[in-house]
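Inspection log for the structure reproduced underneath, given as structure tokens.
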Amino acid sequence: MKRTLIAIALTLSSASVFANSFQHETNLNYGWGKIFDADIDAYNLSHQFYLSPVSTNNNMPLAEAGFLSRSSSLLFAYDYAKEDFGMLGKESYSNWSVGGVWR
């Protein structure tokens with residue numbers, strides 16, 4: 001429940017993307033598949049905070065605006081994956097990441 005509330009809070013705090021500039025970017029990804037009879041589910045949640053507002057003028061794509069405007073940022077991410085090998089058992093993996101870009 002706490003993870004759901006955190007994801008919703010991060011998404012709502014990113015509502016500034018509807019303006020001409022933004023300072024937050026949140027991504028939530030889910031993937032699933034089957035490889036060699038193993039069922040795989042994977043989740044990723046990441047949030048990037050730009051230290052100064054990123055302009056989206058000149059019809060700049062939102063996905064590349066932070067990179068094209070060479071903005072400094074901090075990045076926080078969480079990854080989780082679980083694998084089900086049937087009778088061989090189950091495994092899960094998780095990872096926290098913290099990073100940044102200074103320009």
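Can you check how the C-alpha radius of gyration of the range 26-80 compares to 2.2 N^0.38 Å, as a plain ratio?
Ratio of Cα Rg to 2.2 N^0.38 Å: 1.57.
I'd like to know how the range 49-103 sits against the 2.2 N^0.38 Å rule of thumb: what's its Cα Rg over that expected value?
1.78
Please give the Cα centre distance for the range 50-102 versus the range 22-36, rounded to the nearest Å.
9
Between Asp84 and Ser55, with labels modelled 7 Å along Cα→Cβ, what's the label distance in nm to one decimal, could you check?
5.1
Work out, step by step, the length gained on full extension between Asp37 and Ser72: first 0.36 nm times the residue separation, then minus their alpha carbon distance; give nm to one decimal.
Length gained between Asp37 and Ser72: 8.3 nm.
Going highest first, how would you order 38-50, 85-97, 22-34 by mean Cβ packing within 10 Å?
38-50, 22-34, 85-97
FYI, it's all coordinate maths here, none of it is from the lab. No experiment lies behind these values; they were computed from the predicted model shown. Ideal geometry is used to build each Cβ from the backbone, glycine not excepted, and the neighbour counts take in all protein chains shown.
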